[in-house]
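Below is one structure, written out as C-alpha cells, with a few remarks after it.
The values are calculated or read from the model by the stated rules, or taken from the named source; none is laboratory data. Here the structure is a predicted model, which is why all the values come from computation and not from measurement. Positions of Cβ are generated from backbone atoms using ideal geometry, with glycine treated the same way; all protein chains shown enter the neighbour counts. Surface accessibility is based on the protein's heavy atoms, side chains included, excluding ligands, DNA and RNA. Shrake-Rupley method; radii C 1.70, N 1.55, O 1.52, S 1.80 Å.
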Amino acid sequence: ICVPIINDDTASLKKGEPLADLFEVRIDLIGKNWRELASSLNKPWLACNRRAEEGGKWKGSEADRTKELLSAVNLGANIIDIELMTPGLAKVVKEIKGKAECLISYHNMKETPREKLHEIVRQQLAAGAEICKVITTARTFGDNIAVLQLIREFPGTRIVAFTMGTAGQISRVLSPLAGACFTYASMSEGKESAEGQIPVEDLKKIYRIMESG
C-alpha cells in the first residue's frame, strides 16, 4: 500500500507510518518543505510532482517541475513518477535510470478510454518504464473490470492500475489481488490526494477480513 503525503503534518505522518509499505511524496502538494519531510521518512518513498493536466497542483514552469522532481533522486527516492505526456520525457527518464526506479504514469481525470489502455502501457514500456502506472476515472462498473484486466494482460510487467472516483473504489481494493505492484490509500479520511482514495487503516481492515475468510 502506497500512502500519499499531501502536507507537512509530521505528527500525522508518524502516526500513519506503520500502516504504509511505501510513501508517495507529493511535491506539488507539500510545497517547499518536502525535502525536509522526505529526509525524515523511515519507509521507501516515491517522488511525484504531478502536472496540472493530470490532477496536480504544480504552479511553476514545466522545466522547474521536472527539475524539482529529479532532485528527489539525490535525496534517496526509491521510485520517481514521471508522466508519459511530459515534454522531453526521454531526457528525464535517462536522468532517473540507474539511480531510482522509473515509474511512467498516465492519468485520465475524465474517463476510462478502454480502447487505448493497451497502447498506453506499450508506450510506457517503450519509453523505458520499469513500472507502468495507468489511472483512469470510472464512469461505469465495467471500467473497473477493464483496468483490472489490463494488469493480467501484461504478465511479467510491473503495473499499477485502478480507477478513480467513488465508482472506482472497488478497483483500488482489488488491484493488488489482480497482480498490481501496489495500490494507493490516504493517510486518513480527508487527506486524499485523489478522488476515491480509501483511508489506509480501512483498507488494511478489508484485507485482513479477506485473508481470514
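Short version: ³J(HN,Hα) in whole Hz for each residue of region 95-100, in order, from phi by Karplus 6.51 cos²θ - 1.76 cosθ + 1.60 (θ = phi - 60°), x for Gly and Pro, what are they?
5, 7, 4, x, 10, 8
Across the Cα atoms of region 27-103, what radius of gyration and what greatest pairwise Cα-Cα distance (Dmax) are found, in Å?
11.7, 33
Of the trypsin sites (Lys or Arg not before Pro) in region 45-114, which ones lie in a loop per DSSP and count no more than 16 other C-beta atoms within 10 Å?
Sparse-neighbourhood loop trypsin sites (Lys or Arg not before Pro): K57, K59, K97, K99, K110.
Could you pull the Cα extents of region 151-191 along its three principal axes, largest to smallest, in whole Å?
That gives 35, 19, 13 Å along the principal axes, largest extent first.
Which residue, A185, L150, T137, has the largest displacement toward the positive end of the dipole of the chain when charges sit on each Cβ (Lys, Arg +1; Asp, Glu -1)?
Among A185, L150, T137, the one farthest towards the positive end of the dipole of the chain is L150.
From the C-alpha gyration tensor of region 121-177, pull out the three semi-axes of the equivalent ellipsoid (sqrt of 5λ each), sorted largest to smallest, in whole Å.
Output for region 121-177: semi-axes of 21, 11, 9 Å.
Nearest 5 is fine: what % of DSSP beta bridges in the chain come out antiparallel, could you say?
Antiparallel bridges make up about 0 percent of those DSSP assigns within the chain.
Would you mind checking which residues have amide H under 5 Å from I159's amide H? H placed 1.01 Å from N; only 5 or more apart, or other chain.
Those qualifying (amide H under 5 Å, at least 5 residues apart or on another chain) are C132, C181.
In square nanometres, what is one fourth of the surface area of the convex hull spanned by the alpha carbons of region 128-213?
Result: 6.1 nm².
Please arrange C181, C48 by accessible surface area, largest first, computed with a 1.4 Å probe and ligands excluded.
The ordering from most to least exposed comes out as C181, C48.
Modelling each spin label as a point 7 Å along the Cα-to-Cβ direction, I'd like the L125/D21 distance in nm, to one decimal.
2.2 nm
Based on the Kirkwood radius over alpha-carbon pairs, what value in µm²/s does the Stokes-Einstein equation return for the translational diffusion coefficient of the chain at 37 °C and 0.692 mPa s?
190 µm²/s
Note down the magnitude of the dipole of the chain about its Cα centre, charges +1 on Lys and Arg C-beta and -1 on Asp and Glu C-beta and zero elsewhere, to the nearest 20 debye.
So the dipole magnitude of the chain works out to roughly 240 debye.
Contour minus end-to-end for S12 and R35, with contour as 0.36 nm per residue of separation and end-to-end as the Cα-Cα distance?
6.6 nm
Separation between the T140 and N78 pseudo-spin-labels, each 7 Å from Cα along Cα→Cβ, expressed in nm?
3.8 nm
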